[in-house]
1. I need the fraction of alpha carbon pairs in the range 1-117 separated by more than 26 Å, rounded to a whole percent.
2. Which distance in nm do the two modelled labels at Lys76 and Arg92 give, with both placed 7 Å along the Cα-to-Cβ direction?
3. Return P(r) of the chain (all Cα-Cα pairs; 5 Å bins starting at 0; whole %; ordered from short to long distances).
4. So in the chain, what percent of DSSP beta bridges are antiparallel if you round to the nearest 5?
5. How many nm is it between the label spots at Glu126 and Asn246, if each spot is 7 Å from the Cα in line with the beta carbon?
6. Which of Gln160, Gln215, Gln177 ends up with the largest GNM mean-square fluctuation for the chain, with Cα atoms connected below 10 Å?
7. Got the relative contact order for the range 1-150 handy, in percent, Cα pairs under 8 Å and 6 or more residues apart?
8. For the chain, what is the mean residue ellipticity at 222 nm derived from helices alone (per DSSP H run of n ≥ 4: -39500 (n - 2.57); sum divided by total residues; nearest 500 deg cm²/dmol)?
Amino acid sequence: MASQHQAGAVSIQKLSKTYTNNNEDLTVLEDINLDIQAGEFISIVGSSGCGKSTLLRLLVGLENQYQGEILTAGQKIKGTSLNRGIIFQDHRLFPWLSVKENIRVALHQSNLSRTEEDKIIDEHLELVKLTNFKDAYPSQLSGGMNQRVAIARSLVNRPQILLLDEPFGALDALTRQNLQDELQRIWQTEKITMIIVTHDVEEAVFLGDRVVVMQPHPGRIKRIVNVPVPHPRKRDDVRLTNIKNNILVDFTDPIKDELLKSKAPASFSDYQFAW
């Protein structure tokens with residue numbers, strides 16, 4: 001197993017996060033322990049309120065108040081870093097800038113010349129298959145294409161870790177599947193660590209080497225499921241379907257199920273219809 005001091009590796013130990021409001025404490029994460037190897041693709045899945053997005057904010061460095069340890073390459077996270085990129089559900093592109101200039105914004109802290117910037121931008125436009133749209137504006141592109149621009153922008157600084165917070169949640173089913181395929185291809189090309197948060201168990205299983213299943217109130221890890229299926233993957237692979245179904249059992253409500261069973265109509269005539 002690779003060293004946790006390797007670039008792109010993440011170690012989370014005894015992590016807890018509590019918010020205080022009106023002198024009342026709300027614990028949103030409790031005793032999170034997770035080691036992620038460099039170059040691994042991790043999916044984090046769970047219902048609303050389990051702290052998935054809070055965990056990503058801590059990993060990217062947008063929040064620094066917590067208990068426990070979060071280490072990347074053996075070093076404690078202190079604020080944001082170009083080594084950790086993030087993509088949100090909303091692409092957050094600037095509508096007054098072209099695709100190319102939206103990507104250039106991410107390079108504002110670099111010491112590259114304009115020519116060097118253009119070369120890197122062109123490489124990443126090719127990576128997300130948007131070379132022919134570099135002069136277009138966000139309003140002229142589809143939602144899926146804008147999210148590809150967001151992916152290119154997040155990768156342009158060559159981060160060691162890419163964090164994705166429900167990046168395809170607002171897209172239609174077909175576009176979502178296409179971008180999942182693209183993300184899988186980009187991950188294999190770039191060979192960086194990727195961590196995606198999603199409500200979609202099928203998406204989590206399709207993309208992840210491991211799926212971290214969380215439960216809420218407070219957010220904690222229920223179990224970690226290995227997905228021993230090589231990439232690139234096919235959606236009709238029965239092994240993925242079996243793993244997905246196994247994980248979905250964690251999201252059934254046993255109390256609700258018992259109520260449904262106890263109240264189940266005995267026969268067809270017991271149902272009420274509106275006609």
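1. Result: 35 percent of Cα pairs exceed 26 Å.
2. Modelled inter-label distance: 2.5 nm.
3. 1, 5, 11, 15, 16, 15, 13, 9, 6, 3, 2, 2, 1, 0, 0, 0
4. Counting DSSP beta bridges with both partners in the chain, the antiparallel share is about 55 percent.
5. 4.1
6. Among Gln160, Gln215, Gln177, the largest mean-square fluctuation in the Gaussian network model of the chain belongs to Gln177.
7. 22
8. -9500 deg cm²/dmol
Read-outs: derived from the displayed coordinates by stated rules, not from any lab. It should be emphasised that the depicted structure is a prediction, and the values quoted were computed from it without experimental measurement. For neighbour counting, all protein chains shown are included, and Cβ atoms are generated from backbone atoms with ideal geometry for every residue, glycine included.
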